[in-house]
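Trainee: I am attaching a structure below and will ask some questions about it afterwards.
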Amino acid sequence: MKKIILALLIVGIGISASARDNAAPTTEKKKHNRVRPEKCPVIYITTSTGINNNTAILGFSFDMPVSKNVSIEAGPGTGTWGNKLFVGSKYYLSPCHRGFAFGVGFTYCPGVYHDNANLTTVYGNTEDVEYNKNPLTNIVFAAYKYWNLGKKHNRVFAELGWSMLLTAGERITQVCGDPISSGNINSLDSDAPGGPIAAVGISFGL
């Protein structure tokens, strides 16, 4: 009789321990699954910087999803060609605006008027020259990669692409002073938007 009672106690302890072991992963799994909200954000507020960045060296934008895989984005910034405005759209390969995405958009810089600098002229001397950085419009083609940041819908991202100038004509118009050298013109032109894009940023989902 004692042996039967002892056997029943051992079996009972074993069943109890097994139940606790099976319950523990379930609890941990539940905690692990509570990382992100179920619904996608209604809007992202983004800040970014980089070479030929959509919103220039320093800017922000509003990225508004219109479906689980598509969003439209717009925002201002400032950079080497003065103020910059961007509007575009992105298609995401994963729902809730994560993973890889591809986008197209337009940027517009109204330019800088009556800017001045001490530059070399065609006569070899240096003098204070006044000039305008003319308005420029570009079309942007880009690929993005988004990673999760934190426990909610915040993201970090990297962007690579190409910005192509659509505006014809001179980028720099000299206002006064002796004509500046071609080397200085090329140097000023190099500040204009256009060419390869390499940028990084952070998006805060609301």
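The values are calculated or read from the model by the stated rules, or taken from the named source; none is laboratory data. Worth saying up front: this structure is predicted, and the values here are computed from it rather than measured. Neighbour counts are summed over all protein chains in view; Cβ atoms, including those assigned to glycine, are modelled from backbone coordinates with ideal geometry.
Trainee: Answer with yes or no whether THR137 is surrounded by fewer than 20 Cβ atoms within 10 Å (Cβ to Cβ), among the polar types (S, T, N, Q) and either at pLDDT 95 or above or in a loop (DSSP other than H, G, I, E, B) (or both).
Mentor: Judged against the criteria, THR137 is a match.
Trainee: Can you list the strands (runs of 3 or more DSSP E) lying wholly within the range 42-93 that have 2 or more residues being under 17 Å from TRP162 (Cα atoms) and either outside the structural domain of LEU160 (by TED's automatic domain parsing) or in contact with a strand residue (DSSP E or B) (Cβ under 6 Å, 6 or more places away or on another chain) (or both)?
Mentor: Per the criteria, 44-51.
Trainee: I've got another one for you. Output the residues belonging to the range 54-73 that are of a type outside the set (Ser, Thr, Tyr) and out of contact with any Gly (no Cβ under 7 Å at 6 or more places or on another chain).
Mentor: ASP63, MET64, PRO65, VAL66, LYS68, ASN69, VAL70, ILE72
Trainee: Consider the range 182-206. How many of its residues are in a loop (DSSP other than H, G, I, E, B) and surrounded by 13 or more Cβ atoms within 10 Å (Cβ to Cβ)?
Mentor: Selection size over the range 182-206: 4.
Trainee: For PHE106, state whether it is of a type outside the set (Ser, Thr, Tyr) and under 14 Å from the mean Cα position of the chain (by Cα).
Mentor: no
Trainee: Which of the residues spanning the range 154-181 are outside any strand (DSSP E or B) and touching a residue at least 12 places away in the same chain (Cβ under 8 Å)?
Mentor: Listed by number, the residues that qualify are LEU166, THR167, GLY169, GLU170, ARG171, GLY177, ASP178, PRO179, SER181.
Trainee: Out of all the residues in the range 183-206, which are free of Cβ contacts under 8 Å to residues at least 12 places away in the same chain and hydroxyl-bearing (Ser, Thr, Tyr)?
Mentor: Within the range 183-206, SER187, SER190 qualify.
Trainee: Looking only at the range 90-132, count how many residues are surrounded by 17 or more Cβ atoms within 10 Å (Cβ to Cβ) and within 29 Å of PHE60 (Cα to Cα).
Mentor: 13
Trainee: Moving on. For the range 153-190, how many residues are under 13 Å from PRO135 (Cα atoms) and of a type outside the set (A, V, I, L, M, F, W, C)?
Mentor: The qualifying residues number 6.
Trainee: Does the range 145-152 contain at least one residue that is among the hydroxyl-bearing types (Ser, Thr, Tyr), surrounded by 16 or more Cβ atoms within 10 Å (Cβ to Cβ) and more than 20 Å from TRP81 (Cα to Cα)?
Mentor: yes
Trainee: Of the residues ASN118, ASN132, which is at pLDDT 90 or above, touching a His at 6+ places or on another chain (Cβ under 8 Å) and more than 18 Å from LYS90 (Cα to Cα)?
Mentor: Just one listed residue meets the conditions, ASN132.
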